[in-house]
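The structure under discussion appears below in the form of structure tokens.
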Amino acid sequence: MHQLSVLSVIIGMTQLLLGASLQGRVPQSVTSASLSFPLSIDPSQISISGLSSGADFTVQFQVAYSELIMGSGVFAGQPYHCAVTRFDNESEQPQCVQPRCTVDHPAPSVPICDRCDPGMTLRYDHCKYHVPIVQVSRLADFIRASAASGEIDAVSNLARARIYLYRGTKDAIYGKGSVQNVADMYEAVGVPKSQILFNNTTPSAHCWPTPSYGPHCGSGVIEACAYDGPGAALMHIYDSTLLRPTNLSSFPHENLVSFDQRPYFSDDNNGTAAWNETTPRATGLAPSALLFVPTKCRATGANCKLHVSLHGCSVNEYYDEAVQHLGLEAWGELNNIVVLYPRIQPHGGTIQTQDGCWDAYGQTGADYAFKSGVQMAAVRAMIKTLAGV
């Protein structure tokens, strides 16, 4: 994996295919563009957000890179390192208990486990579905120990972080209390309660909520809930200093360009090697992602912000739709926020990797949640390309 100091991004009059759109909208066209990196970005104004597996990854990235990331938006996520941590009085199971480790999915979903016996692991998604077992204090201890060993940034940086959390009341994937555990974890490692905003009252399912785009609130990945969730996240992260756009669907489409992710591939990007505990893990990145660069941010000395927005699983069903309809471009154009949408592709040998999920289960290696993790380092390198820091 290497970094590029100058990178040309080109996309020629192609159509973004909104394959998952239930609204029958006409695909938007994207104009060709060429940019030189790094852009003029204030290094103190870099943030991240995500949905589902992207939210899990957002928590990891905020904690591990707390010196760099000033705030984050977690749309239904689990606490740091939770998926691989065995809590008191919790049972174990073999790594390849059925229906995991089948011919179609030969690798275990939770290949590593903190405090498990050799060859044993945990129930998949125990932090989402078995919320009462989670011991936030144990997770906070792990964060502090990881910082002390240099695997992640100093915990003291989190005192300045601004955290937005969201869970819809009809979310059947992240159980009630699962996201509250994220809030409690952040408080336990020094984020002031006044800097944590948690919306858990909107009647949505597992989604990004929007004011009016998408199916009715309670069914979908992007839902019309009369609430601008992505905008609320940005407003909280940037401490209510942003201007509010009047039309979330209006933005200069020529400013949305393709971003080449190939420089950030791991050696075996698609995870084709037969799995064992020593197999080098795959980044799983798609060849390209999308990047929104506001008009004013194309100029030298613009002093813009940078926000990284992460998709969840089943990425191919809604990625382009999310990029164009979450409203982040409208917020970005008005407030000089560059928005990067990194993209994972279906890959590897687990149910999750083949669904294009970000890794929160150790499937990319035991260091998956550290700065050295392959996906963590890849996204960090993308930020380096864009912001020069």
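Details
- Test: residue in region 226-245 that is surrounded by fewer than 23 Cβ atoms within 10 Å (Cβ to Cβ) and touching an Asp or Glu at 6+ places or on another chain (Cβ under 7 Å): no
- Residues located in region 354-380, provided they are closer than 23 Å to residue 121 by Cβ, in contact (Cβ under 8 Å) with a residue 60 or more places away in the chain and open to solvent by 20 Å² or more (accessible area, probe 1.4 Å): 354, 363, 366, 367, 370, 372, 374
- Residues that are among the acidic types (Asp, Glu), in a helix (DSSP H, G or I) and either buried (at least 23 other Cβ atoms within 10 Å of the Cβ) or in contact with a Cys (Cβ under 8 Å, 6 or more places away or on another chain) (or both) occur in region 54-62; there is at least one.
- Whichever residue in region 164-184 is within 16 Å of residue 209 (Cα to Cα) and among the basic types (Lys, Arg) and, among such residues, is least open to solvent (accessible area, probe 1.4 Å): 167
- Scanning region 291-302 for residues that are touching a helix residue (DSSP H, G or I) at 6+ places or on another chain (Cβ under 9 Å) and open to solvent by 20 Å² or more (accessible area, probe 1.4 Å) gives 295, 296, 298, 302.
- Between 21, 44, the distinction of being open to solvent by 10 Å² or more (accessible area, probe 1.4 Å) and modelled with pLDDT under 85 belongs to 21 only.
- Looking only at region 326-339, residues that are out of contact with any Pro (no Cβ under 6 Å at 6 or more places or on another chain) and either surrounded by fewer than 23 Cβ atoms within 10 Å (Cβ to Cβ) or at pLDDT below 95 (or both) come to 1 in all.
- Lone qualifier among 187, 223, 151 - being over 24 Å from residue 372 (Cβ atoms) and open to solvent by 40 Å² or more (accessible area, probe 1.4 Å): 187
- Tallying residues that are of a type in the set (A, V, I, L, M), modelled with pLDDT of 95 or more and part of a loop (DSSP other than H, G, I, E, B) within region 75-104 yields 1.
- If you go through region 308-337 and keep only what is of a type in the set (A, V, I, L, M, F, W, C) and in contact with a strand residue (DSSP E or B) (Cβ under 8 Å, 6 or more places away or on another chain), you end up with 308, 310, 315, 322, 323, 326, 328, 331, 337.
- Residue 320 vs. criteria of a type in the set (Asp, Glu) and without any contact (Cβ under 8 Å) to a residue 24 or more places away in the chain: no
- Given (1) over 23 Å from residue 110 (Cβ atoms); (2) buried (at least 23 other Cβ atoms within 10 Å of the Cβ), number of the condition residue 196 does not satisfy: (2)
- Residue satisfying all of: in region 340-353; open to solvent by less than 10 Å² (accessible area, probe 1.4 Å) and β-branched (Val, Ile, Thr); farthest from residue 377 (Cα to Cα) among these: 350
The values are calculated or read from the model by the stated rules, or taken from the named source; none is laboratory data. For clarity, every value in this text was computed on a predicted model and none was experimentally measured. Methodologically, a virtual Cβ is constructed for each residue, glycine included, from the backbone with ideal geometry; neighbour enumeration extends over all protein chains shown. Areas reflect the complete protein model, heavy atoms only, side chains present, ligands, DNA and RNA absent. Shrake-Rupley method; radii C 1.70, N 1.55, O 1.52, S 1.80 Å.
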